[in-house]
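Participant: First the structure, then my questions, so here it is.
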Amino acid sequence: MKTIEVLFTPAEFRALHGRDLRGTACVVFDVLRATSTIATALANGAAGVVPVSEVSEALVWRKRQLGVLLAGERGGMRIRGALANGGDFDLGNSPREFTREAVLGKTIVTTTTNGTRALRSCAGAKTILAGAFLNLAATAGFLRRLDAEHLLLVCSGTGEDEAFEDTLCAGALAVEFAAGGAGSPSAERAMKLWRQHGSDLAGAMQLSANAQR
């Protein structure tokens with residue numbers, strides 16, 4: 001890696017639309033809960049997960065492709081008929097909902113307040129990964145094989161603010177690749193948080209406002 005950079009808030013990832021990301025590998029973190037949910041769905045046999053930004057985009061997918069499951073949240077709650085032309089979404093945004101029985105062989109179209117929008121903001125990148133503590137080792141292994149020049153770690157945040165758990169997870173991944181001075185000041189900040197709290201992950205999550213909510 002020549003550079004490792006971390007974005008902490010939605011304002012930062014929305015600004016990606018003007019950047020050339022063709023030589024960049026992006027890893028998006030929405031630990032609580034979108035990227036953890038995506039990893040769980042795929043681990044339980046989903047055929048694929050399609051992240052979209054808006055509820056209206058998910059509804060178009062349902063019209064275009066029969067059999068897809070619609071998933072996601074607004075305000076942390078499953079999307080209901082009032083927001084979806086009268087029909088409730090099939091799933092919310094909790095990994096516990098994405099059981100093998102529910103998702104095996106299914107294509108899932110999901111939209112969340114921050115996480116799927118962060119994923120879509122990276123659309124011009126060489127590679128885009130959904131990162132979480134659940135798949136951190138696999139993500140690091142994939143990146144080593146990919147050998148991208150630039151690594152951009154995108155934290156989805158909560159509302160318009162930074163999310164502690166996203167920065168913590170970004171720091172955990174950054175320490176795997178920061179040797180040789182590749183880390184930027186933003187990466188150093190994330191890695192410092194991981195070094196402070198990574199030895200007690202369950203305890204660290206108690207510090208997350210999003211986890212408390």
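The values are calculated or read from the model by the stated rules, or taken from the named source; none is laboratory data. Computed from a predicted structure; not experimentally measured. Note that we place each Cβ from the backbone using ideal geometry, even for glycine, and neighbour counts take in every protein chain shown. Heavy atoms of the whole protein, side chains included, go into the accessibility calculation; ligands, DNA and RNA do not. Shrake-Rupley method; radii C 1.70, N 1.55, O 1.52, S 1.80 Å.
Participant: Could you tell me whether Ala138 is out of contact with any helix residue (DSSP H, G or I) (no Cβ under 8 Å at 6 or more places or on another chain), more than 10 Å from Ile4 (Cβ to Cβ), at pLDDT 95 or above and not in a helix (DSSP H, G or I)?
Facilitator: Details: out of contact with any helix residue (DSSP H, G or I) (no Cβ under 8 Å at 6 or more places or on another chain): yes; more than 10 Å from Ile4 (Cβ to Cβ): yes; at pLDDT 95 or above: yes; not in a helix (DSSP H, G or I): no.
It is false that Ala138 is out of contact with any helix residue (DSSP H, G or I) (no Cβ under 8 Å at 6 or more places or on another chain), more than 10 Å from Ile4 (Cβ to Cβ), at pLDDT 95 or above and not in a helix (DSSP H, G or I).
Participant: What single numbered condition from (1) among the small types (Gly, Ala, Ser); (2) over 19 Å from the mean Cα position of the chain (by Cα); (3) not in a helix (DSSP H, G or I) fails to hold for Gly203?
Facilitator: All conditions are met except number (3).
For every residue, the table says whether it meets (1) under 20 Å from Thr158 (Cβ atoms); (2) buried (at least 24 other Cβ atoms within 10 Å of the Cβ); (3) not aliphatic (A, V, I, L, M).
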| site | (1), (2), (3) |
| --- | --- |
| Val60 | no, no, no |
| Gly76 | yes, no, yes |
| Asp90 | no, no, yes |
| Thr111 | yes, yes, yes |
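Participant: Here is a list of conditions, (1) open to solvent by less than 70 Å² (accessible area, probe 1.4 Å); (2) more than 20 Å from Glu165 (Cα to Cα); (3) in contact (Cβ under 8 Å) with a residue 24 or more places away in the chain; (4) in contact with a Leu (Cβ under 9 Å, 6 or more places away or on another chain), and Val28 meets all of them except one; can you say which number that is?
Facilitator: Of everything listed in (1) open to solvent by less than 70 Å² (accessible area, probe 1.4 Å); (2) more than 20 Å from Glu165 (Cα to Cα); (3) in contact (Cβ under 8 Å) with a residue 24 or more places away in the chain; (4) in contact with a Leu (Cβ under 9 Å, 6 or more places away or on another chain), Val28 misses just condition (2).
Participant: Of all residues in segment 158-190, which are part of a helix (DSSP H, G or I) and farther than 10 Å from Val6 by Cα? Show your work before the answer.
Facilitator: First, pick out the residues of segment 158-190 that are part of a helix (DSSP H, G or I): 164-174, 185-190.
Scanning segment 158-190 gives Phe164, Glu165, Asp166, Leu168, Cys169, Ala172, Leu173.
Participant: I'd like to verify a number: residues in segment 158-197 that are farther than 19 Å from Leu134 by Cβ and touching an Asp or Glu at 6+ places or on another chain (Cβ under 7 Å), how many?
Facilitator: Final tally of qualifying residues: 3.
Participant: Quick check on segment 14-25: of everything there that is assigned to a helix (DSSP H, G or I) and surrounded by fewer than 17 Cβ atoms within 10 Å (Cβ to Cβ), which residue is modelled with the lowest pLDDT?
Facilitator: Step one: list which residues in segment 14-25 are assigned to a helix (DSSP H, G or I), which gives 14-18.
Then keep just the ones that are surrounded by fewer than 17 Cβ atoms within 10 Å (Cβ to Cβ); that gives 14-15, 17-18.
On the way: Arg14: 96, Ala15: 95, His17: 90, Gly18: 87.
The residue in question is Gly18.
Participant: How many of the residues making up segment 162-197 are over 24 Å from Ala209 (Cα atoms) and open to solvent by less than 40 Å² (accessible area, probe 1.4 Å)?
Facilitator: Residues meeting the conditions: 5.
Participant: Criterion first (within 15 Å of the chain's Cα centre (by Cα) and in contact (Cβ under 8 Å) with a residue 40 or more places away in the chain) does Ala46 satisfy it?
Facilitator: On the way: within 15 Å of the chain's Cα centre (by Cα): no; in contact (Cβ under 8 Å) with a residue 40 or more places away in the chain: yes.
No; evaluated as a whole, the condition is false for this residue.
Participant: To continue, here is another question. Of all the helices (runs of 4 or more DSSP H) wholly in segment 32-128, which have at least 2 residues that are among the aliphatic types (A, V, I, L, M) and under 25 Å from Leu143 (Cβ atoms)? I'd like the intermediate steps shown before the answer.
Facilitator: On the way: elements: 34-43, 55-64, 100-103, 115-121.
The helices (runs of 4 or more DSSP H) meeting that bar are 34-43, 115-121.
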